[in-house]
Amino acid sequence: MPDKHPMRSNDDGSNEDGSITPDPERDGPVLLFDGVCNLCTASVRFVLANERGHELRFAPLHSPPAERVLANAGVVDTSALPDSMTLVDADGVHTCSGAALRLCRHLRAPWRWFAVLRIVPRPLRDAVYRVIAKHRYRVFGKSETCALPRPGDLERFLVTEATAETTTETTAGTKVETTTETTGEVAGDGSTAS
């Protein structure tokens, strides 16, 4: 049987760096979103408040966890993906209006009923989606870093783990060790922000 997790290399299912590559078939769908877009962040908050179950997980689109999710799903060229929202589930990788409408399946009524819009031809739906995505920064604004989720929702987000870096300096013949802790906050470009 072929290994379904090509990014995993350790017996416990973790990667070389200790992180876990999520498997949408086992772990549930993952919504990848533009972490610096105010509209996208508000959409994630809306989903968290209106979700039927707690099966969705989230990650900023331009982050190491998102790269691992996409690689695990077989996406080689991420530049072909839209920079706003992508949904990865057991059925594959969904983008644009397809991702938004598939996401509706996970919401409570009446929001889940928007999934019926799948009857609208995809080229028309995607055209509307692209217009909104193109103007989202101008209309809704943009933040410098990805907002951290509320503490109760934190376990649902795939973020870069906190790391501590120790530097040793010699001052007047005395060694001084300084420990700097980096938070799990992930900037929209995938770098960690402190």
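Overview of values
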item	result
Criterion (outside any loop (DSSP other than H, G, I, E, B), buried (at least 18 other Cβ atoms within 10 Å of the Cβ) and over 14 Å from the mean Cα position of the chain (by Cα)) met by exactly one of Arg68, Arg112, Arg125, Arg118	Arg125
Residues within segment 25-63 that are buried (at least 17 other Cβ atoms within 10 Å of the Cβ), over 9 Å from the mean Cα position of the chain (by Cα) and farther than 17 Å from Arg102 by Cα, tallied	4
Condition met for Phe58 (in contact with a Cys (Cβ under 9 Å, 6 or more places away or on another chain), modelled with pLDDT of 90 or more and closer than 21 Å to Arg112 by Cβ)	no
Close pairs from segment 77-91: first assigned to a loop (DSSP other than H, G, I, E, B), partner modelled with pLDDT under 85, Cβ under 6 Å, at least 6 apart	Ala90/Pro24; Ala90/Glu25
Criterion (at pLDDT 90 or above and touching an Asp or Glu at 6+ places or on another chain (Cβ under 7 Å)) met by exactly one of His106, His94	His106
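The values are calculated or read from the model by the stated rules, or taken from the named source; none is laboratory data. Keep in mind it's a predicted model, so treat the numbers as computed, not measured. Here the Cβ is made from the backbone with ideal geometry for all residues, glycine too, and neighbour counts use every protein chain on show.
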